[in-house]
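> Take this structure, written in structure tokens, and hold onto it; I'll ask about it next.
The values are calculated or read from the model by the stated rules, or taken from the named source; none is laboratory data. The model shown is predicted, which means the values in this text are computed figures rather than measured ones. Every residue, glycine among them, receives a Cβ derived from its backbone with ideal geometry; neighbour counts consider all protein chains shown. Side chains included, ligands, DNA and RNA excluded: accessible areas come from the protein's heavy atoms. Shrake-Rupley method; radii C 1.70, N 1.55, O 1.52, S 1.80 Å.
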Amino acid sequence: MGRATVADIKGRDFSELDKEAKENTENTNKGSNTNKNRNTTTSDSRGRKNRRRQKKTMVVHPVQRLFDACKDVFAHAGTGFVPPPDKIEQLSALLDDIKPVDVGLSPRMSFFSPQAARRAPTITYLHIHECEKFSMGIFCLPPSGVLPLHNHPGMTVFSKLLFGTMHIKSYDWVVGAPSNASAVAEPSQTAQCSEVRLAKVKVDSNLTAPCKTSILYPADGGNMHCFTAVTACAVLDVLGPPYSDAEGRHCTYYLAYPFTKFSGDEQVSIPDEEKNNYAWLQERDKPEDLVVKGALYTGPVIREN
């Protein structure tokens with residue numbers, strides 16, 4: 001009911017892209033192995049020496065450091081998991097330092113180009129990694145691209161704006177507030193259930209890179225948010241744990257209505273000057289004009305072992 005899987009919000013199961021990348025790598029390796037067999041014993045000796053030197057000077061790239069940290073931080077992640085403060089600080093610091101070039105991105109790439117205004121701009125998702133404990137990926141939005149208001153049930157999410165300017169509007173549920181079952185919205189947009197719930201605005205502002213990493217938690221920090229690209233922009237997301245239908249972590253979309261729209265506002269005592277900081281949220285079906293396509297991540301390869 002108004003729910004979508006991680007494959008829905010991203011457009012497809014992008015783990016398939018990893019398989020394609022691995023197949024391409026294997027084909028390349030086959031050709032290189034043929035050439036290696038023609039080498040002399042002397043060249044093999046030189047190669048071993050070069051490899052020893054490379055090991056001594058090998059630098060771990062930022063995405064690998066992030067992946068390694070995620071394996072540690074989310075080792076015991078499950079629904080409702082929140083990392084301890086020192087681990088949150090560790091991941092935030094790593095994400096703060098990541099730049100577009102570190103993940104193979106440039107604002108000149110085609111999926112950041114302005115699109116025709118006949119429909120909502122297509123968003124591109126670059127799958128980096130996903131397992132039962134966490135996922136890493138990049139949303140690439142052209143100007144005016146929108147990721148509609150959606151939730152992250154039982155999840156802790158780190159979002160790093162890599163470049164550009166993005167408007168973020170986020171909400172948290174008001175605990176203990178009554179629901180309003182009498183709300184009526186556009187039938188074409190809402191799910192079968194018309195009940196609305198009261199939420200409070202957490203963030204309603206523009207972010208411009210470079211900026212600090214944003215963090216949301218299972219019950220606060222703006223767990224439900226909407227991203228709107230003011231300019232072309234890219235967001236690196238780390239989700240722990242990721243969406244999972246099997247474990248009850250569905251992606252649900254919402255419509256937001258002003259606090260004064262429904263009669264339920266009489267049941268909640270909120271000063272007039274603060275009413276703009278509250279809204280009624282109603283589950284909706286996945287927006288028909290939301291198109292998220294997958295593209296192959298071309299940044300540094302992650303070593304999983």
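> For region 102-144, give me each residue that is of a type in the set (A, V, I, L, M) and open to solvent by less than 40 Å² (accessible area, probe 1.4 Å).
We begin by selecting, within region 102-144, every residue of a type in the set (A, V, I, L, M); these are 103, 105, 109, 116-117, 120, 123, 126, 128, 136, 138, 141.
The answer is 103, 105, 120, 123, 126, 128, 136, 138, 141.
> Looking at region 60-76, I want the residues that are over 11 Å from residue 87 (Cβ atoms) and touching a residue at least 40 places away in the same chain (Cβ under 8 Å) and have a partner that is open to solvent by less than 10 Å² (accessible area, probe 1.4 Å) and assigned to a loop (DSSP other than H, G, I, E, B) with Cβ atoms under 6 Å, at least 6 apart or on another chain. Which pairs are those?
Pairs found: 62/98.
> List the pairs whose first member sits in region 243-263 and is open to solvent by 30 Å² or more (accessible area, probe 1.4 Å), whose second member is charged (D, E, K, R), and whose Cβ atoms are under 7 Å apart, counting only residues at least 6 apart or on separate chains?
Once the first residue is open to solvent by 30 Å² or more (accessible area, probe 1.4 Å) and sits in region 243-263, its partners that are charged (D, E, K, R) give 250/3; 260/275.
> Next question. For region 53-169, which strands (runs of 3 or more DSSP E) that fit wholly inside it have 3 or more residues that are farther than 21 Å from residue 253 by Cα? Walk me through how you get there before you give the answer.
On the way: elements: 123-130, 135-141, 146-150, 156-163.
Fully inside region 53-169 and qualifying: 123-130, 156-163.
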